[in-house]
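The values are calculated or read from the model by the stated rules, or taken from the named source; none is laboratory data. Just so it is clear, the model here is predicted, and its values are computed rather than measured. Cβ: placed from backbone, ideal geometry, glycine included. Neighbour counts: every protein chain shown.
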Amino acid sequence: MYTYDLLENGCYYLVKDKEESAIALIKVAVETDHCLFIQRFDDPTQTEWKLKKDMLFDIIECLSDEAVKAWEEHYNAQDAYYEEEEDDE
């Protein structure tokens, strides 16, 4: 078990909140003395505040800059695809 306190501001992580939960991509957007503002990239995109002492089952990895760039290209391409569908309606 880990805590959110181990995560660094501005970094993207693959994590599991609980043993049985799916792997989730998160980004630490803001850090305060006691909390972190977490952006989750589930569908739809979610944001939430977490106490630094809140537990995580697993921190699988911190994504490299190259992995983030590749993911962003894929993620943004999906957004463009959905916008085109909406325009057709």
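What to note about this one:
- Screening Glu8 with (1) assigned to a helix (DSSP H, G or I); (2) at pLDDT 90 or above; (3) surrounded by 10 or more Cβ atoms within 10 Å (Cβ to Cβ) gives one miss only, at (1).
- For the range 11-45, residues that are assigned to a strand (DSSP E or B) and farther than 25 Å from Tyr75 by Cα total 1.
- The set of residues from the range 11-49 being surrounded by fewer than 15 Cβ atoms within 10 Å (Cβ to Cβ), among the charged types (D, E, K, R) and in contact (Cβ under 8 Å) with a residue 40 or more places away in the chain is empty.
- When the range 46-71 is filtered for residues that are closer than 22 Å to Glu19 by Cα, modelled with pLDDT under 95 and outside any strand (DSSP E or B), nothing remains.
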